[in-house]
Amino acid sequence: MLLTDSHLRQMQSLRISVTDRCNLRCFYCIPREDIEWLPRNHLLDFDEIERLARLFVSAGIRKIRLTGGEPLLRRDLPHLVERLGKISGLEDLALTTNGTQLVALAEPLAKAGLKRVNISLDSLRSETFFQMTRRDLHQQVLDGIVAAESAGLLPIRLNVVLIRGLNEVEMLDFARFARARAYQVRFIEFMPLEHGERWGKDVLVPGHEVRAKIDAVFPLVPEADPDPHSPSRNWVFRDGAPGQIGFIDSVTQPFCSACNRIRLTADGKLRTCLFSLQEHDLLAQMRKGASDEELLDFMQRVVLTKEKKHGISDGLYVKPKRTMSAIGG
Ligand code: SAM
C-alpha cells in the first residue's frame, strides 16, 4: 500500500515534529513570550513516533526529517534518532535545528546514526541575530555549526530567511561564508505563517532577486543532477569554489505539483500541506487502540485529501492558525 493523493502524487517524505517548544522567538515565527506549550502527555512519545514511522515507511515514505519547535529541546533525542535509523526501508533521516544545542548534542547525534543537519541561521551579525530571534545566542549557534562539522554531520546546510530591510543586506556575506567553509546556504522565502502580521510583499525578498545579486558577484551554475522532488533549486559556483547556494521560493515559484511531503505535528496530527487548514488526529486513533491496518487506512484516506496547491499568490489564501514552529517547519 502506498500513500498516493488524488492528484497522483506519491508521498515519500515525512516531517516529524518532536516538540512545539522553542528557545528562540523569531519575529516571523513565534514572536510572543506568553506561549502555552503543549502539555507533555499530548506529545507523541518515542514508542508512538517509532510505530508511526515504521507504518509510514511501510507505505512508501523514504525520507524522515525531525523538526519542531526546536527538536534538540526534546529530551533524549539521540535515542529517538537511533531507533528511527534502524527502520529498514528508510533511506534518509535528517534534522532541522536552530543550532543552539549542537555543541552538546552534535557528537551524540552523530553517534546515534544521524548523517547531517540543517541549521537555521538568519544572520552572521550578532545584533541582527538578536533583533530577529530576541535571544542572545548567536555565538552558541556559530559554535554549534563548528561542532556539527567536527562531528561529521556533513555537508553543513544553513537555512536563511531573508527579510527586506533587515538581513537582506547579508546575502553576499552568506555567499562568501558558503565559499569559505564549503557550506550549503539555502535562502527560504518568508511565508505567511507567523503569529504576527508582518508578512507582506514589501518584506518578502524573492529568491530570483537574491540569485541575480549573488550571480553578479559570484557567477552561479545549476547543480548537476537536481532532485526533482526537492523544494530547493540549487546552484554551485562557476569558478569551482566549494559550497552551494539554494533557493526555496515557496511563494514566488511554488513547487506544489512535485510535492511529496506530509507532516506529523508534535501532538500527532497529520497535515497534508504546510498551509493546510485541517489536521487529522493520528494520535487519537492510536490511543483509542487502532490496529496497524486501521492506522494505515486512516493515513491513506487523509493523504487522498492533500491540497492541490497553497494559493498564496492567487488571492484565495487563508492563513493557518498554527505557525511553522507549532506545525513543524
Ligand atoms: N527550530 C528549528 C529551526 O530553527 O530550524 C526547526 C523548526 S523551524 C520552524 C524550521 C524553519 O522554518 C527555520 O529555518 C525557520 O527559519 C523557518 N521558518 C519559520 N517560520 C517561517 C516563515 N514564516 N517563513 C519561512 N520560513 C519560516
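The values are calculated or read from the model by the stated rules, or taken from the named source; none is laboratory data. These numbers come from a predicted model, not from an experiment. A quick note on method: Cβ atoms are made from the backbone with ideal geometry, for glycine too, and the neighbour counts reach across all protein chains shown. SASA here: full protein model, heavy atoms, side chains in, ligands and nucleic acids out. Shrake-Rupley method; radii C 1.70, N 1.55, O 1.52, S 1.80 Å.
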_Let me spell it out: the conditions are (1) under 25 Å from Val251 (Cα atoms); (2) out of contact with any strand residue (DSSP E or B) (no Cβ under 8 Å at 6 or more places or on another chain); (3) polar (S, T, N, Q), and Gln184 meets all of them except one. Which number is the exception?_
(2)
*Output the number of residues of the range 187-214 satisfying the condition of being more than 10 Å from the ligand (Cβ to nearest atom), among the charged types (D, E, K, R) and in contact (Cβ under 8 Å) with a residue 12 or more places away in the chain.*
3
_Quick check on the range 65-104: of everything there that is assigned to a helix (DSSP H, G or I), aliphatic (A, V, I, L, M) and within 13 Å of the ligand (Cβ to nearest atom), which residue is farthest from Leu142 (Cα to Cα)?_
Leu77
*Any idea how many residues of the range 223-255 are touching a Ser or Thr at 6+ places or on another chain (Cβ under 9 Å) and either aromatic (Phe, Trp, Tyr) or open to solvent by 20 Å² or more (accessible area, probe 1.4 Å) (or both)?*
8
*Pick from the range 149-181, criterion part of a loop (DSSP other than H, G, I, E, B) and open to solvent by 50 Å² or more (accessible area, probe 1.4 Å), ranking: nearest to Ala112 (Cα to Cα)*: Leu154
*Give the residue that is least open to solvent (accessible area, probe 1.4 Å), with candidates limited to residues of the range 202-222 that are more than 26 Å from Pro320 (Cβ to Cβ) and part of a loop (DSSP other than H, G, I, E, B).*
Phe218
*In this structure, does Val57 turn out to be closer than 24 Å to Cys259 by Cα and touching a Pro at 6+ places or on another chain (Cβ under 6 Å)?*
no
*asked:* Show the residue pairs meeting these rules: Cβ distance below 8 Å; 6+ apart or different chains; first residue within the range 117-128 and closer than 18 Å to Arg164 by Cβ and within 11 Å of the ligand (Cβ to nearest atom); second residue of a type in the set (A, V, I, L, M) and not in a strand (DSSP E or B).
replied: Asp122/Met132; Asp122/Leu162
*Does the range 191-201 contain at least one residue that is at pLDDT 95 or above and either under 20 Å from the mean Cα position of the chain (by Cα) or surrounded by fewer than 20 Cβ atoms within 10 Å (Cβ to Cβ) (or both)?*
no
*Qualifying positions in the range 287-320 - within 16 Å of the ligand (Cβ to nearest atom) and in contact with a Leu (Cβ under 8 Å, 6 or more places away or on another chain)*: His310, Val318, Lys319, Pro320
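Within the range 131-143, identify whether any single residue is in a helix (DSSP H, G or I), more than 14 Å from the ligand (Cβ to nearest atom) and either farther than 29 Å from Phe190 by Cα or under 17 Å from the mean Cα position of the chain (by Cα) (or both), and answer yes or no. Spell out the reasoning first.
Going residue by residue through the range 131-143, those that are in a helix (DSSP H, G or I) are 131-133, 138-143.
Imposing the further condition that a residue be more than 14 Å from the ligand (Cβ to nearest atom) reduces the set to 131, 139, 142-143.
Narrowing further to those that are either farther than 29 Å from Phe190 by Cα or under 17 Å from the mean Cα position of the chain (by Cα) (or both): none.
Within the range 131-143, not a single residue is in a helix (DSSP H, G or I), more than 14 Å from the ligand (Cβ to nearest atom) and either farther than 29 Å from Phe190 by Cα or under 17 Å from the mean Cα position of the chain (by Cα) (or both).
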*asked:* Among the residues in the range 37-46, are any within 16 Å of the ligand (Cβ to nearest atom), outside any strand (DSSP E or B) and in contact (Cβ under 8 Å) with a residue 60 or more places away in the chain?
replied: yes
*asked:* Just the residues that are outside any strand (DSSP E or B) and either within 16 Å of the ligand (Cβ to nearest atom) or in contact with a Lys or Arg (Cβ under 7 Å, 6 or more places away or on another chain) (or both), please, taken from the range 50-64.
replied: Glu50
